[in-house]
1. Just report the Cα centroid separation between region B:53-72 and region A:1-72, whole Å.
2. Counting only other chains, what is the mean number of Cβ atoms within 10 angstrom of the Cβ of each residue in peptide A:108-115?
3. Using a cut-off of 9 Å between beta-carbons, work out the net charge of the residues near A:V19 (Lys and Arg +1, Asp and Glu -1, A:V19 not included).
4. By average Cβ neighbour count within 10 Å, what is the ranking of B:100-112, B:65-77 from highest down?
5. Summing +1 for each Lys or Arg and -1 for each Asp or Glu, what net charge is found among the other residues whose Cβ lies under 14 Å from the Cβ of B:A54?
6. I'd like to know how chain B sits against the 2.2 N^0.38 Å rule of thumb: what's its Cα Rg over that expected value?
7. Measure of size requested: the Rg and Dmax of region A:1-70, with Cα atoms as the atom set and Å as the unit; please supply both.
8. Other chains near B:44-55: what is the mean number of their Cβ atoms within 10 Å of each residue's Cβ?
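The values are calculated or read from the model by the stated rules, or taken from the named source; none is laboratory data. This one's a predicted model, so the numbers in the text were calculated from it and none came from an experiment. Positions of Cβ are backbone-derived with ideal geometry, glycine not excepted, and every protein chain shown enters the neighbour counts. Heavy atoms of the whole protein, side chains included, go into the accessibility calculation; ligands, DNA and RNA do not. Shrake-Rupley method; radii C 1.70, N 1.55, O 1.52, S 1.80 Å.
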Amino acid sequence: DVKVTQSSRYLVKRTGEKVFLECVQDMDHENMFWYRQDPGLGLRLIYFSYDVKMKEKGDIPEGYSVSREKKERFSLILESASTNQTSMYLCASSLSGRVQLSGQFFGPGTRLTVL
Amino acid sequence: AQSVTQLGSHVSVSEGALVLLRCNYSSSVPPYLFWYVQYPNQGLQLLLKYTTGATLVKGINGFEAEFKKSETSFHLTKPSAHMSDAAEYFCAVSDVARDYKLSFGAGTTVTVRA
């Protein structure tokens, strides 16, 4: 069974803290994604990686950075957390050039609260 | 660039009644279309997809959707709602040129009344 796991289901941080969200997939997928989910806005793409050490900005990259040192792991970093980054964060993965076959596979999400 | 509009942020149906969730898209090229479901406190799960070929596609849990190019629509239906269908549903579109990128609608929350 394919799997995308995220390091935490719930996280509470303080304003200004550096926050790391980790995502691991066991499907040998080339593509990995970080989305932010907010009520009434659906999912918005933060960053995308199509290979190790390769990344592209999504629709809302401001205030975020990413790291992909190994194929199976994709990290989202909030350099200095702010209250407007309180949200649900979803990681996903897909095969390169094969989204039409199986779509993207999603992790369970991390609900981040910044106080 | 593509975009997705889901009509109705909340839908309430009685158990056994028809479920109809509306999705319209805009895309400059032939799209791939997806419906995902999100149960409470879980990630998204693929319900069904349209890529090419037959325009009526069947998915898991008795759901189906029809791609209508002339109406730029991809509405999701289920003939008879079950309590377990209570969830949030997302329509998404990608295009063949940049198939890694999905654009999602805002989502529709389905409530099923006993």
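1. 30
2. On the way: counts 4, 5, 0, 1, 0, 0, 0, 0.
Taking the mean over all residues of the peptide, I get 1.
3. On the way: positive: A:K13, A:K18; negative: A:E17, A:E79.
Residues near A:V19 contribute 0 overall.
4. On the way: B:100-112: 20.4, B:65-77: 16.7.
So the order, starting with the most tightly packed, is B:100-112, B:65-77.
5. +2
6. 1.01
7. Final numbers for Rg and Dmax: 13.0, 38 Å.
8. Neighbouring Cβ atoms belonging to other protein chains average 3 per residue here.
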